[in-house]
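Q: I have a structure I would like to understand better, so I am pasting it below and will then ask my questions one at a time.
The values are calculated or read from the model by the stated rules, or taken from the named source; none is laboratory data. Nothing here was measured: the structure is a model prediction, and the numbers come from that model. Glycine gets a Cβ as well: all are built from the backbone with ideal geometry, and neighbour counts include every protein chain shown.
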Amino acid sequence: MPTGQRLTREEKKAQTRERLIEAAARVFAEKGFAATSLDEVADAAGLTKGAVYSNFENKEDLVVAVLKAHQDRVSGISDIATELPTLEEQQALAARLFSESVARERDAWLLLLDFTTYALRNPSVYPGFVSRHRAGRQRVARMIEENAPPAGANRFKTNAERAALIFEIIGKGIALEKLIDPDGIPDDLFGRLMPILIEAFEEGRL
């Protein structure tokens, strides 16, 4: 944007929303979701509590926005990986970037665990939580379908929804163990598992 150009009202609102999301991510990481107040988020962002409520319905709505930003960054790994020419190269890069993201996005992974526990204990929050969770898995399934080899090549016999579920279970399991014991989990573990999973999907064994 050229220097001196005024922001539109929508641009200002978008900037305010982004500041709140970034501040909330920091405060949630430091204190945990349940112990953090919206006043603290507003203070960390240098804004008023009114600014929070003009952008988010409540604390749950805010944490959903923080986690969506995290999910978008993790989902972007597939966009980067699929630019490579071969499936083997795509697999290796995606596995490496995912492993790196666990360390880089440590706070967001901790918040995901924190909010998952909260959602499971709160019936009013759970339906929206599980709906978004399933939607994320569907995005992975669509990515698998969109990047499948042409007919006659090594296409998956395992359907995309099942493959996405297995990727999610293994990926999150590795992420959790990496959070618990960073030095005890090899950085290349997901990369070493990836070819085994791909072969099993191609043969329909999973």
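Q: Could you check, for the range 53-73, whether at least one of its residues is outside any helix (DSSP H, G or I), surrounded by fewer than 17 Cβ atoms within 10 Å (Cβ to Cβ) and touching a residue at least 40 places away in the same chain (Cβ under 8 Å)?
A: Looking through the range 53-73, none of the residues is outside any helix (DSSP H, G or I), surrounded by fewer than 17 Cβ atoms within 10 Å (Cβ to Cβ) and touching a residue at least 40 places away in the same chain (Cβ under 8 Å).
Q: Determine which member of the set Arg155, Arg162 is outside any helix (DSSP H, G or I), over 14 Å from the mean Cα position of the chain (by Cα) and touching a residue at least 40 places away in the same chain (Cβ under 8 Å).
A: On the way: Arg162 fails: outside any helix (DSSP H, G or I).
Being outside any helix (DSSP H, G or I), over 14 Å from the mean Cα position of the chain (by Cα) and touching a residue at least 40 places away in the same chain (Cβ under 8 Å) holds for just one of Arg155, Arg162, which is Arg155.
Q: Regarding the range 128-151, can at least one residue be identified that is of a type in the set (Phe, Trp, Tyr), assigned by TED's automatic domain parsing to the domain that holds Ala65 and under 23 Å from Thr82 (Cα atoms)?
A: So far as the range 128-151 goes, no, none of its residues is of a type in the set (Phe, Trp, Tyr), assigned by TED's automatic domain parsing to the domain that holds Ala65 and under 23 Å from Thr82 (Cα atoms).
Q: Now, a different point. Residue check: is Asp114 at pLDDT 85 or above, within 28 Å of Leu176 (Cβ to Cβ), surrounded by 15 or more Cβ atoms within 10 Å (Cβ to Cβ) and charged (D, E, K, R)?
A: Judged against the criteria, Asp114 is a match.
Q: Just to check your reading of the model, which residue among Ala141, Ala108, Ala148 is closer than 23 Å to Glu30 by Cβ and small (Gly, Ala, Ser)?
A: Details: Ala141 fails: closer than 23 Å to Glu30 by Cβ; Ala148 fails: closer than 23 Å to Glu30 by Cβ.
Exactly one residue qualifies, and that residue is Ala108.
Q: Oh, and also: Across the range 63-95, which residue is modelled with the lowest pLDDT among those that are farther than 30 Å from Thr36 by Cα and out of contact with any helix residue (DSSP H, G or I) (no Cβ under 7 Å at 6 or more places or on another chain)?
A: Restricting to residues being farther than 30 Å from Thr36 by Cα and out of contact with any helix residue (DSSP H, G or I) (no Cβ under 7 Å at 6 or more places or on another chain), the top hit is Leu87.
Q: Among (1) over 18 Å from the mean Cα position of the chain (by Cα); (2) of a type outside the set (Ser, Thr, Tyr); (3) within 18 Å of Ala94 (Cβ to Cβ), there is one condition Ile174 misses while meeting the rest; what is its number?
A: Just one mismatch for Ile174, condition (1).
Q: If I ask for residues that are of a type in the set (D, E, K, R) and not in a helix (DSSP H, G or I), which ones from the range 165-206 would you list?
A: Once the filter is applied, which keeps residues that are of a type in the set (D, E, K, R) and not in a helix (DSSP H, G or I), the range 165-206 yields Asp181, Asp183, Asp187, Asp188, Arg205.
Q: Still on this structure: Go through Val41, Val125 for me and flag whichever is farther than 19 Å from Leu176 by Cβ and not assigned by TED's automatic domain parsing to the domain that holds Asn159. Full working, then the answer.
A: Details: Val125 fails: not assigned by TED's automatic domain parsing to the domain that holds Asn159.
Matching residue, one of Val41, Val125: Val41.
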